[in-house]
Amino acid sequence: MKKTILTGDRPTGPLHLGHYVGSLQNRVKLQNDYKQYVLIADAQALTDYYENPDHVRKNVEQVALDYLAVGLDPKVSTFFIQSQVPELFELTFYFMNLVTVARLERNPTLKDEIRQKNMKDSIPAGFFTYPVSQAADILAFNADLVPVGEDQNPMIEQTNEIARRFNHLYKTDLFKEVKAMVGETGRLTGIDGKAKMSKSLGNAIYLGDSAADLKKKVNAMYTDPNHLKVEDPGTVEGHVVFTFLDVFDPNKEEVEALKAHYRRGGLGDGVLKKRLLEILEGTLAPMRTRREEYSKDMAYVREILRSGTEEARQVAAKTLSDVKKAMGIVY
Ligand code: TRP
């Protein structure tokens with residue numbers, strides 16, 4: 001019996017290289033060794049975008065195309081749309097009893113988002129409780145592993161707390177411990193050198209970027225502002241091109257040699273950017289090709305989502321039935 005992966009993303013915009021190194025790469029690597037379910041978390045996205053459901057709706061198919069573009073194989077991985085699996089929301093309601101408001105307030109990811117979005121005293125209850133819904137996503141599939149970005153670790157912790165509490169309270173061993181899996185790189189910086197690549201900061205390289213856009217973005221990367229002439233000695237720390245070479249260049253020795261050269265002086269940013277561009281183009285080009293292929297047949301993409309959702313629904317329904325039995329909600 002294969003172990004299970006449950007993972008997913010909010011369809012709030014196109015996926016970028018941060019998603020790729022954070023989790024997509026792991027998902028592609030593991031898809032044959034695990035039974036993998038990949039959820040497009042449109043309902044969770046709505047906890048933030050409820051005033052603009054159209055935006056979320058439009059992005060569902062785009063995220064599916066991102067998945068296909070990076071090489072997730074729809075014959076092996078099961079893609080599904082969260083909102084179309086109502087069992088998840090039933091589970092959420094029962095799990096809600098197992099979490100305190102104080103505990104949710106302490107969830108670091110939630111805390112950050114509330115601060116960033118300036119929600120203060122007007123936090124929608126739906127948004128506040130989305131970590132419980134995320135626990136339901138994961139526990140509905142009794143997942144062993146959740147490949148996600150680093151910012152999702154607190155969600156996995158909270159999921160395990162709910163699982164343990166459920167097992168203890170209702171004297172069952174229905175749920176097991178789930179593990180997060182974060183890409184080696186951790187968090188990828190944006191092209192502006194800010195701590196995080198993100199759509200809202202406008203510093204992202206998208207998986208669907210054209211060759212021309214990619215070139216523009218690599219050329220715009222933050223370097224060493226004091227490195228004015230090629231002969232000047234430069235600083236490697238915080239130099240975004242080097243940060244990216246560290247992540248994407250397979251030849252670590254050459255990267256170290258380039259760093260030494262840059263520090264000494266005599267190495268221009270143009271050379272580094274050209275090298276990085278080639279590497280990133282090598283990563284994005286096959287994605288672009290796959291995206292184009294699948295885009296020609298959107299009926300097939302929709303069919304992948306439809307059949308995946310049907311399959312996912314059966315699994316979630318079985319768990320819901322087990323949960324109700326454990327709680328004695330059977331009439
Ligand atoms: N919170 C995740 C994100 O922001 C999306 C998500 C929803 C998810 N449910 C999940 C991720 C379950 C992993 C497992 O992208």
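Here are some notes:
- Nearest 10 degrees, 0 to 90: helix 153-169 Cα axis against the chain principal axis: 20
- Sorted from greatest to least, the principal axis extents spanned by the alpha carbons of region 138-235 come out as 70, 30, 21 Å.
- Principal axis analysis of the Cα atoms in region 181-324 yields extents of 68, 38, 30 Å, listed in decreasing size.
- For region 1-100, the Kirkwood estimate of hydrodynamic radius, built from reciprocal distances between every pair of different alpha carbons, is 14.5 Å.
- Computed over the chain, relative contact order equals 23 percent, with contacts defined as Cα pairs under 8 Å that lie 6+ residues apart.
- Cα-Cα over 25 Å, subset of LYS58/LYS117; LYS75/LYS296; LYS179/LYS199: LYS179/LYS199
- Taking every DSSP helix (H) stretch of at least 4 residues in the chain, weighting each as -39,500 (n - 2.57) and dividing the sum by the residue count yields a mean residue ellipticity at 222 nm of -16500 deg cm²/dmol.
- Looking at region 1-102, the GluC sites (Glu not before Pro) that sit in a DSSP loop and have at most 11 other Cβ atoms within 10 Å of their own Cβ are GLU51.
- For region 185-331: relative contact order, % (alpha-carbon pairs under 8 angstrom, 6 or more apart): 20
- Evaluated at q = 0.15 Å⁻¹, a Debye calculation over the C-alpha positions of the chain (equal weights, vacuum) places log10 I(q)/I(0) at -1.24.
- Protection proxy ranking, peptides 99-108, 282-291, 158-167, 19-28, average beta carbon neighbours within 10 Å, highest first: 19-28, 158-167, 282-291, 99-108
- When only alpha carbons of region 37-173 are considered, Rg and Dmax amount to 15.5, 46 Å.
- With all protein chains in place and a 1.4 Å probe, the accessible surface of the chain carries 52 percent carbon and sulfur.
- Along its three principal directions, the equivalent ellipsoid of region 211-291 from the Cα gyration tensor extends over semi-axes of 24, 14, 9 Å, largest first.
- Region 63-132 - charge dipole about Cα centre, Lys and Arg +1 at Cβ, Asp and Glu -1, debye rounded to 20: 280
- Of the residues LYS252, LYS215, LYS176, the one that moves most in a GNM of the chain with alpha-carbon contacts below 10 Å is LYS252.
- Comparing ALA64, ALA317, ALA195 in a Gaussian network model of the chain (Cα springs below 10 Å), the most mobile by mean-square fluctuation is ALA195.
- For q = 0.13, 0.16, 0.19 Å⁻¹, Debye-computed log10 I/I(0) when each Cα of region 77-137 counts as one equal scatterer: -0.39, -0.58, -0.76
- Given charges at beta-carbon only (K, R positive; D, E negative), |dipole| of region 126-265 in Debye: 300
- Charging the Cβ of each Asp and Glu at -1 and of each Lys and Arg at +1, and nothing else, the dipole of region 211-291 about its Cα centre rounds to 420 debye.
- Considering only ALA45, ALA102, LEU91, and ranking their Cα positions along the charge dipole of region 22-132 that arises from unit charges at the beta-carbon of Lys, Arg, Asp and Glu, the one farthest toward the positive end is ALA102.
- Accessible surface for the chain, divided over its residues, is 49 Å² per residue with a 1.4 Å probe.
- Mean sequence separation of contacting Cα pairs (under 8 Å, at least six apart), scaled by the length of region 211-291, corresponds to a relative contact order of 35 percent.
- Lys/Arg +1, Asp/Glu -1 at C-beta; region 211-291 dipole; positive extreme among THR223, GLY234, TYR262: THR223
- Largest to smallest in accessible area, the residues ASP9, ASP48 fall in the order ASP48, ASP9 (1.4 Å probe, all protein chains included).
The values are calculated or read from the model by the stated rules, or taken from the named source; none is laboratory data. Small disclaimer: the values here were computed from a predicted structure and weren't measured. Don't worry about glycine lacking a Cβ; one is built from the backbone with ideal geometry, like all the others, and counts go over all protein chains shown. Side chains are part of the model used for accessible areas, which takes the heavy atoms of the whole protein and leaves out ligands, DNA and RNA. Shrake-Rupley method; radii C 1.70, N 1.55, O 1.52, S 1.80 Å.
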